[in-house]
1. So which helices (runs of 4 or more DSSP H) stay within the range 10-92 end to end and still have 3 or more residues that are touching a helix residue (DSSP H, G or I) at 6+ places or on another chain (Cβ under 6 Å)?
2. Output the qualifying pairs, or none if there are none: Cβ atoms under 6 angstrom, residues six or more apart or on different chains, first residue in the range 88-107 and free of Cβ contacts under 8 Å to residues at least 60 places away in the same chain, second residue surrounded by fewer than 23 Cβ atoms within 10 Å (Cβ to Cβ) and assigned to a helix (DSSP H, G or I).
3. For the range 95-212, give me every one of the helices (runs of 4 or more DSSP H) that falls completely inside it and has 2 or more residues that are crowded, with 22+ Cβ neighbours inside 10 Å.
4. Under 7 Å between Cβ atoms, at least 6 apart or on separate chains: pull out the pairs that start in the range 151-177 with a residue that is within 21 Å of Gly17 (Cβ to Cβ) and assigned by TED's automatic domain parsing to the domain that holds Val248 and end on any residue that is assigned to a loop (DSSP other than H, G, I, E, B) and of a type in the set (Phe, Trp, Tyr).
5. Which of the following residues is in the same structural domain as Gly14 (by TED's automatic domain parsing), at pLDDT 95 or above, buried (at least 17 other Cβ atoms within 10 Å of the Cβ) and touching a His at 6+ places or on another chain (Cβ under 7 Å): Val54, Val72, Val82?
6. Identify the residue in the range 231-261 that is over 17 Å from the mean Cα position of the chain (by Cα) and of a type in the set (A, V, I, L, M) and, among all such residues, is farthest from Arg136 (Cα to Cα).
7. Quick one: in the range 4-38, of everything that is surrounded by fewer than 17 Cβ atoms within 10 Å (Cβ to Cβ) and touching a Gly at 6+ places or on another chain (Cβ under 9 Å), which residue is farthest from Asp66 (Cα to Cα)?
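The values are calculated or read from the model by the stated rules, or taken from the named source; none is laboratory data. Note that this is a predicted model, so its numbers are computed, not measured. Counting neighbours? That spans all protein chains shown, and the Cβs are built from the backbone with ideal geometry, glycine included.
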Amino acid sequence: MQRSTLRIGLVGAGMIGRLRARALEKIPGVRLVAVADQDEARARGLAGDRDVRVVADGTTFSHDPDIDAVIVSVPPAGHELVGISCLQAGKHVLCEKPLAASVAACEALIQAAAAGGACLATGFTLRHTPAARLARGLIDKGGIGEVDHVRAYHGHPGGKDFGPGWIVDVSATGGGTLMDNGIHMIDLARWFLGGDVKAMTGYATHHVWKLPGCEDNGFVLMRNEKCRVALVHSSWSEWQGYGYRVEVYGTRGAVRFGYSPLWLVHTQGEPGGVMKTKRHYFPKYQIIERLKGWEWSLVETLVADLEDWIGAIRTGGTPSASGKDGLEAVRIAQGMELLGEC
């Protein structure tokens, strides 16, 4: 018999862990019951006045009878140990992106999920923005005809000051921009192509920050089994600030969306004829984000991401971004680093 309330353990009390906790509070039928972090003060700060237990080691959640599912929100190199122990014990797991710091670790997590009969999800939150969801719906309804190709770009200024220190530590992440912000674009490109990547090529450059093992620009060209093509560029040298855009072109139109602020443009028609264009600006996000800051919109996206995972747990289904999706994105990101470095 399934419990009416899903009891969640959270591993990692950093910035994203804190926002995950806020998102959980907005979802009915779910309760955060424990938080684990090696920094006890940080964990207690996240717990605050919530009725939440604090422990130092997330692997203890694997044998905790009061926990049904676990969110792993620590650096990627820490996903494997905690995730495998919990999955093998039958605890459902959501790992932040990337799924793990290596292909082998991703494969081990998937095997553990199968062995424990548990649901494994990858936190590809950009699938769950209103723009991405609208784009997916328009494409699925034939709004651009048959998908032909995808262009995706994600950039920010990079450097040690952009995010926590471990972001630029290859031993913690498994790479540079392609395993950081680029992993989102790789996932979205796969998602919109509608099939596994069968061939790829690309280059990674290290001319700006010169961080050991961490490329500051990555360029990926991939195709699926139907010869649909995607071009992805990820950057740690976007001097104009944080932003991304995704363009999906079809035989009878295109959908383009991006941030910041959140927007989407849908163009539809017949080749050689008049194309009609409709623009979407998501005013709620633009106005409230300006009043409350970027964390507000990220929490809203995290709510949608968590609801998708929780729905899969309750129904025995597969989350939108599964463990396999996480594995394939890491395979592509790390494959580019091996194919070409400049």
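1. Here the list reads 15-24, 79-88.
2. These pairs meet every condition: Gln88/Ala112; Gln88/Ala115; Gln88/Gly116; Ala89/Ser62; Gly90/Gly116; Ala105/Glu80.
3. The helices (runs of 4 or more DSSP H) meeting that bar are 103-116, 130-140, 182-193.
4. Correct list of pairs: His156/Phe162; His156/Trp236; His156/Tyr242.
5. Residue meeting the stated conditions: Val72.
6. Per the criteria, the residue is Leu231.
7. Step by step, filter the range 4-38, then rank; the result is Met15.
This table checks each residue for (1) buried (at least 20 other Cβ atoms within 10 Å of the Cβ); (2) outside the structural domain of Leu94 (by TED's automatic domain parsing); (3) without any contact (Cβ under 8 Å) to a residue 24 or more places away in the chain.
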| residue | (1), (2), (3) |
| --- | --- |
| Leu221 | no, yes, yes |
| Ser234 | yes, yes, no |
| Leu264 | yes, yes, no |
| Gln268 | no, yes, no |
| Ile287 | no, yes, yes |
